[in-house]
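For reference, the structure is listed below as structure tokens.
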Amino acid sequence: MSPDAARRRRCAVVGLGARAQLFTEALAGPYAGRIDLAAFCDANAHRMAVHNTWLAPARPSREPVPAYAPDDFDEMLRRERIDLVVVCTVDHLHDHYIVRALEAGCDVVTEKPMTTTAERARRILEAERRTGHEVRVAFNYRYNPVHSAVRELLAGGEIGEVGSVHFEWLLDLRHGADYFRRWHRDKTNSGGLLVHKATHHFDLVNWWLGARPETVYAQGGLFFYGDEAGNRRGLARDYARAHGSPAAEGDPFAIRLADSSVLSALYLDAEAEDGYHRDQNVFGPGVSIEDDMAVLVRYSSGATLTYHLTAYAPWEGYRIAFNGSEGRVELLVEESTWTRPDVRSDGASAVMHGAAVGGEAGRTQLLLRRFWEEPREIKVPTGEGGHGGGDVRMLADLFGERPPDASDPLGRAANADDGALSLATGLAANHSLATGFPVDARSLMER
Ligand SMILES: NC(=O)c1ccc[n+]([C@@H]2O[C@H](COP(=O)([O-])OP(=O)(O)OC[C@H]3O[C@@H](n4cnc5c(N)ncnc54)[C@H](O)[C@@H]3O)[C@@H](O)[C@H]2O)c1
């Protein structure tokens, strides 16, 4: 082994679906000199083979990354001498792999949400403390330059003390619908969108305010998707999954896996192994998550948040306003201005995410409105790549060379406590939805 190879950390990726590609390509590409992509683990061998095919051009002289089944995870960590595990499985399995990896002496990078229940979050926090190894949560939105600019404005005292936040997030008919086509539609898999999706948003608010959620109240439900609403409005068609179903022809809510070589390879061609149908009818039975949610939060700083998440909007993006004792900050991000009914594009993201589809792209506007002054637009260069440039910056922070002073002035690196804190809002909101009462978010993570 060369001295270089001896210094490199050895990394395993568990869960080789669509999201894993961000990590596998980074590890086989720009970070290959620092970290060895040493193993894959997934319940579906076909998907692991697809990732190996995609990586082959970047690793011309290397063997395929060794692929392991879930039961062989511990053996994989030992045999491949793994010291870093990237967890990209379905959400409700994250804790299982995080805890096993920590106990085997590895550090962990986990996709969001860190997990799906308070009990699982406590297990992770306990394992991290016990083992002394590190969990990083991949909150890529913190690294979006416009979000960092908001943090700088607030931390720099531009609007004084923050009294309240008003935050609306819209998922368009393509991206929003995607959560109702696959495993996310079952709350036991994803925790619902207040956990799966809003974990990003609640984390941003915690980070922007430097505060913790205390009291949470929520209302909401399944308004648009699902069989009852679909039948009532005449939107439902008679099919279980789109592929091979004549009834799905021309349905703007159907995803056509066969039109995308990426989706075909990852899902359609992999179905025989596990029966995972990624193109279910959004108006079919079995949806147990909400698509329209209103949440009211009080923070440790005294600030309040009014938050709304809608998963059936005509455009994709978000508006946020911070009301301060010396002014107001307003952010508008239009990721798409409308939703085309007929997207045909050969990539996973373009098929489901408005931001990736040219021609529909919108704008970003960050305004500082200090008392007694004209509004000032803060120009922030938007980044290349996914999530407003957040993905590439996060990868550099996770896998790149740490600067000599290792400083993180904006505090963007998110740990397990941050993961748990963002979950505290979403889980408390879920509890409030179920009971109709406000919930003390502080007590959720206590043992
Ligand atoms: N940060 C972001 O912006 C972002 C974006 C997309 C997805 N994600 C997260 O990434 C994760 C994966 O999402 P995805 O869209 O790639 O989903 P996916 O369905 O494409 O992939 C999930 C993978 O988990 C595998 N899996 C199932 N059971 C398993 C088991 N017992 N052991 C090991 N693997 C198993 C599946 O076979 C599949 O390959 C999720 O947690 C999601 O929240 C984050």
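Examine the range 382-398 for a residue that is in contact with a helix residue (DSSP H, G or I) (Cβ under 9 Å, 6 or more places away or on another chain), at pLDDT below 85 and among the hydroxyl-bearing types (Ser, Thr, Tyr), and state whether such a residue exists.
yes
In this structure, is Phe202 within 16 Å of the ligand (Cβ to nearest atom) and in a helix (DSSP H, G or I)?
Answer is yes for this residue.
Does Gly221 satisfy the condition of being modelled with pLDDT of 95 or more and within 16 Å of the ligand (Cβ to nearest atom)? Before the answer, list the steps.
Numbers: modelled with pLDDT of 95 or more: yes; within 16 Å of the ligand (Cβ to nearest atom): no.
Answer is no for this residue.
How many residues does the range 290-308 contain that are within 22 Å of Tyr179 (Cβ to Cβ) and among the aromatic types (Phe, Trp, Tyr)?
Of the residues in the range 290-308, 1 are within 22 Å of Tyr179 (Cβ to Cβ) and among the aromatic types (Phe, Trp, Tyr).
Out of the residues in the range 15-37 meeting the condition of being within 9 Å of the ligand (Cβ to nearest atom) and among the hydrophobic types (A, V, I, L, M, F, W, C), tell me which one is farthest from Gly386 (Cα to Cα).
In this case the residue turns out to be Leu16.
Which of the helices (runs of 4 or more DSSP H) found entirely inside the range 104-195 contain at least 1 residues meeting this: of a type in the set (Lys, Arg) and in contact (Cβ under 8 Å) with a residue 60 or more places away in the chain?
Because the criterion is at least 1 residues that are of a type in the set (Lys, Arg) and in contact (Cβ under 8 Å) with a residue 60 or more places away in the chain, the helices (runs of 4 or more DSSP H) in the range 104-195 that meet it are 118-131, 145-155, 187-190.
Is it fair to say Val333 is part of a strand (DSSP E or B) and within 16 Å of Asn206 (Cα to Cα)?
no
Being near the ligand (Cβ under 9 Å from one of its atoms), not assigned by TED's automatic domain parsing to the domain that holds Gly191 and not small (Gly, Ala, Ser) is the requirement here; does Phe40 meet it?
no
Please determine, by comparing only the residues of the range 244-263 that are under 20 Å from Gly286 (Cα atoms) and over 26 Å from the mean Cα position of the chain (by Cα), which one is surrounded by the fewest Cβ atoms within 10 Å (Cβ to Cβ).
In this case the residue turns out to be Ala247.
Go through the range 261-288 and give me each residue that's under 22 Å from Gly176 (Cβ atoms) and either within 13 Å of the ligand (Cβ to nearest atom) or free of Cβ contacts under 8 Å to residues at least 40 places away in the same chain (or both).
Val262, Leu263, Leu266, Tyr267, Tyr276, His277, Arg278, Asp279, Gln280
Please state which of the following conditions Leu410 fails to meet, knowing it meets all the rest: (1) surrounded by fewer than 20 Cβ atoms within 10 Å (Cβ to Cβ); (2) not in a loop (DSSP other than H, G, I, E, B).
Here Leu410 meets the rest and fails (2).
So which residues in the range 53-75 are part of a helix (DSSP H, G or I) and within 11 Å of the ligand (Cβ to nearest atom), if there are any at all?
If the condition is that a residue be part of a helix (DSSP H, G or I) and within 11 Å of the ligand (Cβ to nearest atom), then Pro70, Asp71, Asp72, Phe73 are the ones that fit.
Taking the condition of being touching a strand residue (DSSP E or B) at 6+ places or on another chain (Cβ under 7 Å) and either farther than 28 Å from Val137 by Cβ or basic (Lys, Arg) (or both), how many residues in the range 186-220 meet it?
Qualifying residue count, the range 186-220: 2.
The values are calculated or read from the model by the stated rules, or taken from the named source; none is laboratory data. A quick note: this is a predicted structure, and the numbers were derived from the prediction, not measured. Every residue, glycine as well, gets a Cβ built from its backbone with ideal geometry; the counts of neighbours run over all protein chains shown.
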